[in-house]
Amino acid sequence: MTKTWGKTTVTLEPVGVAGLITAWNANALFMCLKLASAVAAGCTVVIKPSELSALQAQVLVEALHEAKLPKGVLNVVTGLGTVVGAELVRNPDVDKISFTGSVAVGQQIMRDGAATMKRVTLELGGKSPTVLLDDAALERAIPAALVLAFMNSGQACAAGTRLLVPRSRLGEVKRAIVDAMPTFKVGDPADPKTAIGPMVSQKQYERIQSYIRKGIEEGAEVLTGGEGQPTGFEGGYFVNPTVFVNATNDMAIAQEEIFGPVLCVIAYDSEDEAIRIANDSKYGLHSAVIGTDLPRARRVASGIRAGRVVINGMTDDPDAPWGGFKFSGVGREYGAYGMEAFLETKAVLE
């Protein structure tokens, strides 16, 4: 891409070799997203897919092979992040790292990549708020909020795991949640009626159980769900989709990313307080506002410090930027913003 102003020419050139490190919870999506931007920008790539979802990587690579993607454009190296991922970050022949995963690993990538001045894009964790305004129609708003909370069985960085509700409507919200929860069935993910499948591993299952216990210890009330496994699903890493009420935003269950189907309901007394609570987090990846007055919903959305805010339900736009404020990451993906992350800018002056 070239632009000229008078005697100055500005070109956008490929950054070089890009190392793409992807997460297990949506491995194929992350690989496609990063690969499309990198290749469109003219880069060659080395992908280190998550070792916990290898079949997704295999299917994608086979499809690209059949599509006759030129040899050398896409390279895949499998293995542990502490071995293969760490080598991509340290290697001076790799010019750029695009990573999706945890905050701790993202911080390590920034530290280790600095030695070779790596360009980095980091899409990290989230503790996303869903702000329910006092004019919301609960028969639509609560199912929408639960979909946001339990997407991908709660194993999603964008999951809306903090539901902020007007204190004046708290009783109605509790009843609406109890009424809606039976539609969020636990079961075989191959069954189209299933909303909550098993967790990815025993480690993740135990992590979620520990947070449910911690929420109870902190004084939050279990409205639905709780510790243990759902009846009939004792043989796998299934958890009870859990909703806490009487939670406060300073609790660990409201501040830390659980990465499972656990929702905290937090009451607020004014619109300004709702925005303050929404922003009272080290994360800023995703958020939602639900209400019938659209100008008001947009005003609240403008006050939330997050890379993306959806209004009245989960929507997507592949051209819109994706990425986070604060500890939720560095840089943006998707569309033109994602492609720019794989380009360097050069000015030639005459």
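The values are calculated or read from the model by the stated rules, or taken from the named source; none is laboratory data. Small disclaimer: the values here were computed from a predicted structure and weren't measured. Don't worry about glycine lacking a Cβ; one is built from the backbone with ideal geometry, like all the others, and counts go over all protein chains shown.
Structure data summary
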| quantity | calculated |
| --- | --- |
| Sole exception among (1) under 20 Å from the mean Cα position of the chain (by Cα); (2) in contact (Cβ under 8 Å) with a residue 40 or more places away in the chain for Ala40, by number | (1) |
| Unique residue being surrounded by fewer than 22 Cβ atoms within 10 Å (Cβ to Cβ), out of contact with any Lys or Arg (no Cβ under 8 Å at 6 or more places or on another chain) and more than 14 Å from Glu340 (Cβ to Cβ) when the list is Ala54, Ala40 | Ala54 |
| Residue that is surrounded by the fewest Cβ atoms within 10 Å (Cβ to Cβ) [pool: residues in region 295-316 that are charged (D, E, K, R) and under 17 Å from the mean Cα position of the chain (by Cα)] | Asp316 |
| Scope region 137-189; condition more than 13 Å from the chain's Cα centre (by Cα) and assigned to a loop (DSSP other than H, G, I, E, B); matching residues | Ala137, Phe184, Gly187, Asp188, Pro189 |
| Of residues in region 190-212 being in a loop (DSSP other than H, G, I, E, B) and out of contact with any Lys or Arg (no Cβ under 8 Å at 6 or more places or on another chain), the one surrounded by the most Cβ atoms within 10 Å (Cβ to Cβ) | Met199 |
| Failed condition for Gly307, given (1) within 22 Å of Ala104 (Cβ to Cβ); (2) out of contact with any Pro (no Cβ under 9 Å at 6 or more places or on another chain) | (2) |
| Test: Ala159 is within 18 Å of Phe30 (Cα to Cα), buried (at least 24 other Cβ atoms within 10 Å of the Cβ) and in the same structural domain as Asp293 (by TED's automatic domain parsing) | yes |
| Region 178-189, subset out of contact with any helix residue (DSSP H, G or I) (no Cβ under 6 Å at 6 or more places or on another chain) and within 28 Å of Ile277 (Cβ to Cβ), residue surrounded by the most Cβ atoms within 10 Å (Cβ to Cβ) | Met181 |
| Residue pairs meeting the criteria (Cβ under 7 Å; at least 6 apart or on separate chains; first touching a residue at least 24 places away in the same chain (Cβ under 8 Å), in region 267-286; second among the β-branched types (Val, Ile, Thr) and in a loop (DSSP other than H, G, I, E, B)) | Ile275/Ile304; Ala278/Ile304; Asn279/Ile304 |
| Any hit, region 125-148, residues being of a type in the set (A, V, I, L, M) and within 18 Å of Arg332 (Cα to Cα) | no |
| Residue count, region 317-338 (criterion: under 15 Å from the mean Cα position of the chain (by Cα) and not in a loop (DSSP other than H, G, I, E, B)) | 6 |
| Residue in region 5-17 that is at pLDDT 95 or above, crowded, with 21+ Cβ neighbours inside 10 Å, in the same structural domain as Gly335 (by TED's automatic domain parsing) and within 20 Å of Gly331 (Cβ to Cβ) present | no |
| Out of Ala267, Ala288, sole residue that is buried (at least 24 other Cβ atoms within 10 Å of the Cβ), under 21 Å from Leu170 (Cα atoms), at pLDDT 95 or above and not hydroxyl-bearing (Ser, Thr, Tyr) | Ala288 |
